[in-house]
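Here the structure comes first, spelled out in structure tokens, and everything after it is commentary.
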Amino acid sequence: MATPYGIKLAVHLITNHFGTLVAKVCDNLLRRGPLTLQQVIRYTELTPQQVKNSLLILIQHNCVQAFTLESQGGFGDGPKANTQYLALFSNILHRMRFPKFLEIVSRELDQECKELLEGLLQNGRLTLVQMVERAKSKRKDGCREDAVREGLTKLLAAHFVERCPAPEPLVPEQVKVETTSKKRGTKSAKINEESETIEQRVLAAAGPMEAQRFSMITNTEFDVNGETSTDDSPSLIVGEKRKRDSLELDRESTAEEGEVVLWRANFEEFLRRLRHMACIENVRASLDDGAVKVLKAKLDATRGLEKKVKTEKSDLKKIIESAQNDEVESIVLKRYGRDAYRIFRLLSKNGRLVETDKISDTTFVEKKDAPKILYKMWKDEYLHMEKLVLAPNRNILLWKVNKRPLWEHVLDEMFHAALNLSLRAAYEWDKEKEVINPLEAMTKEERLKQKNIRILLDSSLLKLDDAIMLFHNF
Amino acid sequence: MSAGMNRSQGLSSLKRKQPDSKSPIESLTEHERILYNLIRSKQDMAIWTRDMKRETNIPDNVLNKSLKSLQAKKLIKEVVTIQNKGRKHYIATEFEPSKEITGGAWYVEGSLDTEFINFLKKHCVKIIYEQKIVTLEEILDTIRRSRAFNVEFTTQQIEEIVNALVLDNEILEVKSTGMGEFNSIPIGKVCYRCASKAGLKAEPKIGAMASIPCGVCPQISLCTPDGIISPTTCVYYTKWLDF
């Protein structure tokens, strides 16, 4: 979910990588939801060309997905279609983790694959031809086309790379439950989950078919679907009719008859690996090595399967929940102290409302101190409080831990902290660069200290990002 | 800390004292009698001197003199309440102050007997660590046999201590499977083991968020990128980076 500081963090990342104009467009999309080109122009007050360029960059780098929502026109009109742009919050955040993705490929495959992935991460998406060109320019020795092809094959086999989604899929309108239309009666409009559903629907409509997703074989060789399918056109960029208000997306002309496949990193697979690694680490800390081996083998075995995500997630659910609890309890311990830690754990395990007296008895906290501690945690939104009025002068306070809102609150604090780490790192880096006068140049010790500071900030951010993934992605 | 911990005061509140057989009630002045009856009427809840004054309208000097006299005659005694340690409360000697005003078995003179509680907690952890897996009854039994304390604990009291240790995350509550290390314990029975493999000396792992200044900061909700409180001006950061 895109929390307030989550959005600030995402915009910060986009600013760093692409500049303030692109960031402005992105900010509007994140805060307002999917918008048309005209709406973006209006809200950002930028020129149409600036907005178009920004959107192109964001789409290129998989931070925005365009789509058209099929909507029934008015009486007598046919269905209207208008291109909208949806910001992909999670994908923007992945930009913080590119080093982790590269490290996974480096470890599991080889250097060639790592370089290919690097190219994809740096450029957002590439065709095979572009990858070869890039490889050629990087190395002085001869043409590496077959090595690149081989590398790509390995990456596809491991699902680290996938075909890019359709540039502007048609997303069918969600049918509200009506007594007349029995065909799609099972789909009901969930109003309060609408924004989440829109992203899911768009991505589902845009994504290539599973059979095609990790396949090198292009449609020219293997024309199964034909080009007549309108809502399921995987990754063909060239030759599609441009719709009203849409952009001219990147076209690569090749020697072959205009059929070009664009490839990109498959974030889903990297997240799966990271999730596995995190679970194994957590299990290792509390159980013996035998249990760790069993878990590892189980996860490795499910890797090759297609519909693995759901069953896998439920298996790991307990481990992830336990890790999340540990993280929050650690914050409570460090921020509010040991007494608060016991109190929080009591309420967290209990799951129900407990009155102050019972809390102080069970946790061995002074009856006079308990209310103060509880109040502090409540003020910071870590606890929920209810008041029971028994008599004019006799109120009883009841306390509870509400996990769902608390988890979201903690995640927002983590986004805030990640942003802070990033800003402070930039500030420290600027301090180092500001040396103008050679006499003021840093001493060896000072330079070493600045280096250590940077290492500390960077490693803290990587560690915090693991915790963010634990709450947001896993 | 010596093994022979004396812990008579709080726990003895569970026992009831007998009033003096020769009660010198007949030799009370009128004021003393009024006050005594008032105090007695409050039973085990005790009463504050100011409340006594309000209800009887006896002037201060007479009130204090009467109270002193009643105390000397061992008809009333002073107690400390946990809610208002500074206020003088009195109770008739035949009553023991209720749990509500003393705080209960673990309270001594209005405050938690933290030293004793911590000692007892450490003792329990040691027992659990040494025996690897242990039930509540086994812990009680071990304490009794060790003679480390000169008071008797009830099962409930030890259970309270053990539950607090679970909340401290020093020990884990588990259910016996009847197999392996549980083979001497009936299936389903609650037992306890140390939380981490390292046992006594282990430190709980600090989370990622708790390792950085923002994680422990009390002002995080007020901090903004370019506000008065910001990451670039933050003193906690400066301290953290000054190593």
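The values are calculated or read from the model by the stated rules, or taken from the named source; none is laboratory data. Since the structure is predicted, the reported quantities are computational estimates derived from the model, not experimental observations. For neighbour counting, all protein chains shown are included, and Cβ atoms are generated from backbone atoms with ideal geometry for every residue, glycine included. The area values use the complete protein model at the heavy-atom level, side chains included, leaving out ligands, DNA and RNA. Shrake-Rupley method; radii C 1.70, N 1.55, O 1.52, S 1.80 Å.
What single numbered condition from (1) out of contact with any Leu (no Cβ under 8 Å at 6 or more places or on another chain); (2) open to solvent by 20 Å² or more (accessible area, probe 1.4 Å); (3) not in a loop (DSSP other than H, G, I, E, B) fails to hold for B:ARG193?
Going through (1) out of contact with any Leu (no Cβ under 8 Å at 6 or more places or on another chain); (2) open to solvent by 20 Å² or more (accessible area, probe 1.4 Å); (3) not in a loop (DSSP other than H, G, I, E, B) one by one, B:ARG193 breaks only (1).
Among the numbered criteria (1) at the interface with chain B (Cβ under 10 Å from one of its Cβ atoms); (2) surrounded by 13 or more Cβ atoms within 10 Å (Cβ to Cβ), which single criterion is violated by A:LYS379?
If we test A:LYS379 against (1) at the interface with chain B (Cβ under 10 Å from one of its Cβ atoms); (2) surrounded by 13 or more Cβ atoms within 10 Å (Cβ to Cβ), just (2) comes out false.
For the range A:445-458, which residues satisfy the criterion of being surrounded by 11 or more Cβ atoms within 10 Å (Cβ to Cβ) and more than 9 Å from every other protein chain (Cβ to nearest Cβ)? Talk me through it step by step, then tell me what you get.
First, pick out the residues of the range A:445-458 that are surrounded by 11 or more Cβ atoms within 10 Å (Cβ to Cβ): A:446-454, A:456-458.
Of everything in the range A:445-458, those that are surrounded by 11 or more Cβ atoms within 10 Å (Cβ to Cβ) and more than 9 Å from every other protein chain (Cβ to nearest Cβ) turn out to be A:GLU446, A:ARG447, A:LEU448, A:GLN450, A:LYS451, A:ARG454, A:ASP458.
Just to verify a result, which residue in the range A:329-342, among those that are more than 8 Å from chain B (Cβ to nearest Cβ) and part of a helix (DSSP H, G or I), is surrounded by the fewest Cβ atoms within 10 Å (Cβ to Cβ)?
The initial filter retains those residues of the range A:329-342 that are more than 8 Å from chain B (Cβ to nearest Cβ), namely A:332, A:336-337, A:339-340.
Keeping just the survivors that are part of a helix (DSSP H, G or I) gives A:332, A:336, A:339-340.
Values: A:VAL332: 24, A:TYR336: 20, A:ASP339: 18, A:ALA340: 24.
So, considering only residues that are more than 8 Å from chain B (Cβ to nearest Cβ) and part of a helix (DSSP H, G or I), the one surrounded by the fewest Cβ atoms within 10 Å (Cβ to Cβ) is A:ASP339.
Determine if the range B:229-239 includes at least one residue that is open to solvent by 20 Å² or more (accessible area, probe 1.4 Å) and of a type in the set (Gly, Ala, Ser).
No: zero hits.
Sort out which residues of the range B:82-98 are touching a residue at least 24 places away in the same chain (Cβ under 8 Å) and at the interface with another protein chain (Cβ under 10 Å from one of its Cβ atoms), and write them in order of number. Steps first, answer last, please.
Of all residues in the range B:82-98, those touching a residue at least 24 places away in the same chain (Cβ under 8 Å) come to B:82, B:84-85, B:87-98.
Of everything in the range B:82-98, those that are touching a residue at least 24 places away in the same chain (Cβ under 8 Å) and at the interface with another protein chain (Cβ under 10 Å from one of its Cβ atoms) turn out to be B:ILE82, B:ASN84, B:LYS85.
If a residue must be touching a strand residue (DSSP E or B) at 6+ places or on another chain (Cβ under 7 Å) and farther than 30 Å from B:HIS89 by Cα, how many such residues does the range B:106-135 contain?
Going through the range B:106-135 one residue at a time, the tally reaches 9.
List the strands (runs of 3 or more DSSP E) that sit entirely inside the range B:65-181 and contain at least 3 residues that are over 27 Å from B:HIS31 (Cβ atoms) and outside the structural domain of B:ARG33 (by TED's automatic domain parsing). Show your work before the answer.
On the way: elements: B:76-79, B:89-92, B:171-175.
Of the strands (runs of 3 or more DSSP E) lying wholly inside the range B:65-181, those with at least 3 residues that are over 27 Å from B:HIS31 (Cβ atoms) and outside the structural domain of B:ARG33 (by TED's automatic domain parsing) span B:171-175.
Could you check the range A:14-23 and list, in sequence order, the residues that are in contact with a helix residue (DSSP H, G or I) (Cβ under 6 Å, 6 or more places away or on another chain), touching a residue at least 24 places away in the same chain (Cβ under 8 Å) and surrounded by fewer than 21 Cβ atoms within 10 Å (Cβ to Cβ)?
Of everything in the range A:14-23, those that are in contact with a helix residue (DSSP H, G or I) (Cβ under 6 Å, 6 or more places away or on another chain), touching a residue at least 24 places away in the same chain (Cβ under 8 Å) and surrounded by fewer than 21 Cβ atoms within 10 Å (Cβ to Cβ) turn out to be A:PHE18, A:LEU21.
Can you name the condition, by its number, that A:LEU406 falls short on among (1) of a type in the set (A, V, I, L, M); (2) under 22 Å from B:CYS217 (Cα atoms); (3) crowded, with 20+ Cβ neighbours inside 10 Å?
So A:LEU406 meets the others, but not (3).
When you go through B:LYS239, B:LYS175, B:LYS189 one by one, which is the residue that is farther than 30 Å from B:ILE143 by Cβ and of a type in the set (D, E, K, R)? Step through it out loud before you land on a result.
On the way: B:LYS175 fails: farther than 30 Å from B:ILE143 by Cβ; B:LYS189 fails: farther than 30 Å from B:ILE143 by Cβ.
Unique residue meeting the criteria: B:LYS239.
Given B:GLU130, B:GLU170, which one is farther than 30 Å from A:LEU464 by Cβ and open to solvent by 30 Å² or more (accessible area, probe 1.4 Å)?
On the way: B:GLU170 fails: farther than 30 Å from A:LEU464 by Cβ.
Answer to the selection: B:GLU130.
Would you check which residues across the range A:367-379 are charged (D, E, K, R) and touching a residue at least 12 places away in the same chain (Cβ under 8 Å) and list them?
As a first pass, look at the range A:367-379 and keep what is charged (D, E, K, R): A:367-369, A:372, A:376, A:379.
Selection gives A:ASP369, A:LYS376.
Might you check whether a residue that is open to solvent by 30 Å² or more (accessible area, probe 1.4 Å), at pLDDT below 90 and at the interface with another protein chain (Cβ under 9 Å from one of its Cβ atoms) occurs anywhere in the range A:343-365?
no
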